[in-house]
1. Please indicate, with yes or no, whether at least one residue in the range 46-60 is more than 13 Å from the ligand (Cβ to nearest atom) and over 24 Å from Asn179 (Cα atoms).
2. How many of the residues in the range 140-159 are surrounded by 11 or more Cβ atoms within 10 Å (Cβ to Cβ) and more than 16 Å from Thr43 (Cα to Cα)?
3. Check Phe77, Phe66 and return the single one that is closer than 23 Å to Lys194 by Cα, within 15 Å of the ligand (Cβ to nearest atom) and of a type in the set (Phe, Trp, Tyr).
4. Being within 25 Å of Asn31 (Cβ to Cβ), in contact with a His (Cβ under 7 Å, 6 or more places away or on another chain) and not aliphatic (A, V, I, L, M) narrows it down to one of Asp67, Asp78, so name that one.
5. Applying the selection to the range 89-130, what residues are without any contact (Cβ under 8 Å) to a residue 40 or more places away in the chain and among the aromatic types (Phe, Trp, Tyr)?
6. Need pairs with beta-carbon distance below 7 Å; first residue under 11 Å from Tyr88 (Cβ atoms) and within the range 151-166, second modelled with pLDDT of 95 or more and more than 8 Å from the ligand (Cβ to nearest atom); sequence gap 6+ or separate chains.
7. Tell me, yes or no, whether the range 180-190 has at least one residue that is among the polar types (S, T, N, Q) and in a strand (DSSP E or B).
8. Looking only at the range 100-132, count how many residues are touching a Cys at 6+ places or on another chain (Cβ under 8 Å), farther than 21 Å from Ser56 by Cβ and within 16 Å of the ligand (Cβ to nearest atom).
Amino acid sequence: MRRREFFKTSLVAGGSLFLINKAYPLKFFPNPSKHKWAIVFGTRYGSNRDAAIWISEGMGAIADVFDARENPDLSSFDYLIVGSGIYYGRIAEPLEALIKNNASLFSKKVKAVFVVCGAGGTDRAKQYLENLAKLCEAEPVVMRSFPGRITKKLLSPDDFKLLEEFYKKRNQPFEDYDNLERRECLQLGEEILKKLVQP
Ligand SMILES: Cc1cc2nc3c(=O)[nH]c(=O)nc-3n(C[C@H](O)[C@H](O)[C@H](O)COP(=O)(O)O)c2cc1C
């Protein structure tokens, strides 16, 4: 048998479905748990995706993680955690649309909210969290803000221009920053686990 054929046959025989089934780009596979948890996030540049995955890891990886842009069907989940970046004072538009289009589902199931934003950890971020809870028409048990990040080369031309002007007006340098800490996101996941999953 030629080397390439042997390799292909062995992998399929070994049960690796990834070779024959649809491949998912970075699909997050949660661990089983009594209740089904989902984390749904709104992001433009990825920091909320990272935070969402780390929060799930802190929960023992029992929460499935969805980008709001995928318009996920969340009806089979028992509980939801919702998080977003903040852009000119507002959450990511696809998340806002998802919440508005599934209002009763969100109001029944949301147990925690988070934001990852420039003002993370400040009173302004508290306001963003309250706005997000209000939009969900929920009373989350846990609300947390995290400081975020900017990667200039990822910004859309519009966002780049607006942020450039923002910093120029304030006589501040417009530079990359990265203040999001995995440890803090894991801690939030652990807190949710203790308060809500195994009280
Ligand atoms: C165009 C733009 C506008 C922003 N506006 C705000 C804002 O009003 N308040 C704030 O706290 N952070 C603001 N930020 C910071 C983001 O919330 C922060 O970079 C966050 O980490 C972005 O999340 P993401 O990487 O998941 O998209 C802004 C960032 C961008 C790019």
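1. no
2. Summing the residues that are surrounded by 11 or more Cβ atoms within 10 Å (Cβ to Cβ) and more than 16 Å from Thr43 (Cα to Cα) in the range 140-159 gives 5.
3. Selected residue: Phe66, the only one of Phe77, Phe66 that is closer than 23 Å to Lys194 by Cα, within 15 Å of the ligand (Cβ to nearest atom) and of a type in the set (Phe, Trp, Tyr).
4. It is Asp78.
5. Phe106
6. Listed pairs, sorted by first residue: Leu163/Phe174.
7. No - not one qualifying residue is present in the range 180-190.
8. The initial filter retains those residues of the range 100-132 that are touching a Cys at 6+ places or on another chain (Cβ under 8 Å), namely 106-107, 110, 113, 125, 128.
Going one step further and asking which of them are farther than 21 Å from Ser56 by Cβ, we end up with 107, 125, 128.
Pick out the ones that are also within 16 Å of the ligand (Cβ to nearest atom) and you get 125, 128.
The number of residues fulfilling the criteria is 2.
The values are calculated or read from the model by the stated rules, or taken from the named source; none is laboratory data. Keep in mind the model is a prediction, meaning the values are calculated, not measured. Methodologically, a virtual Cβ is constructed for each residue, glycine included, from the backbone with ideal geometry; neighbour enumeration extends over all protein chains shown.
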